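Participant: Handing you a structure now.
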Amino acid sequence: MKQQHKFVATKDIKCYKGTNVLMQCVNEFQYELNKVKQLKKQHDIKLCAFGFHGSFDLFYVQDFFSPSNDSRYFEAIIPKGSIVIFDPCDKHKFVASSIKLTRELTFNEAYKMLNRGINNS
């Protein structure tokens, strides 16, 4: 079994979140800009299964929401007091008991953050 770390956020934590064009995810949570989305049962969160997933680095969000598939990218925060679980060996994503999308990134902003020059000629 993978090692996972679980903690309660002692302050707001900046992160990134991807959604489909309707601001929904695979599990069909409906997000709204600047509204905290919180689970009723915080203890039910599970990495790769249930809760609000995101990444601390936008680069890894594209693993789940491809830029070519009408995905939308957001700056977000994990609000203070949220439960957070992540795998320290796989920093691609976390799951939290609540999340707030604070700003949608423009195409140019996302492109600059995602294009790291790897394998460019």
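Participant: What number of residues within the stretch 79-89 satisfy the criterion of being open to solvent by 10 Å² or more (accessible area, probe 1.4 Å) and either over 22 Å from residue 10 (Cα atoms) or at pLDDT 90 or above (or both)?
Facilitator: 7
Participant: Take the stretch 30-64 and flag every residue that is on the phi < 0 side of the Ramachandran plot, part of a loop (DSSP other than H, G, I, E, B) and open to solvent by less than 40 Å² (accessible area, probe 1.4 Å).
Facilitator: 31, 39, 45, 47
Participant: Consider residue 33 carefully, then state whether it is within 17 Å of residue 105 (Cβ to Cβ), among the aliphatic types (A, V, I, L, M) and at pLDDT 90 or above.
Facilitator: So residue 33 passes the test.
Participant: Quick check on this structure: which one of 9, 76 is within 29 Å of residue 108 (Cβ to Cβ), surrounded by 11 or more Cβ atoms within 10 Å (Cβ to Cβ) and among the aliphatic types (A, V, I, L, M)?
Facilitator: Selected residue: 76, the only one of 9, 76 that is within 29 Å of residue 108 (Cβ to Cβ), surrounded by 11 or more Cβ atoms within 10 Å (Cβ to Cβ) and among the aliphatic types (A, V, I, L, M).
Participant: Could I ask something else about it? Filter the stretch 91-110 down to residues that are in contact (Cβ under 8 Å) with a residue 24 or more places away in the chain and exposed (fewer than 14 other Cβ atoms within 10 Å of the Cβ) and give me whichever is nearest to residue 38 (Cα to Cα).
Facilitator: Result: 103.
The values are calculated or read from the model by the stated rules, or taken from the named source; none is laboratory data. Quantities reported herein were computed from a predicted structural model and do not represent experimental measurements. When we count neighbours, we look across all protein chains shown, and the Cβ atoms used for this are built from the backbone with ideal geometry, even at glycine. Surface areas here come from the heavy atoms of the whole protein model, side chains and all, with no ligands, DNA or RNA. Shrake-Rupley method; radii C 1.70, N 1.55, O 1.52, S 1.80 Å.
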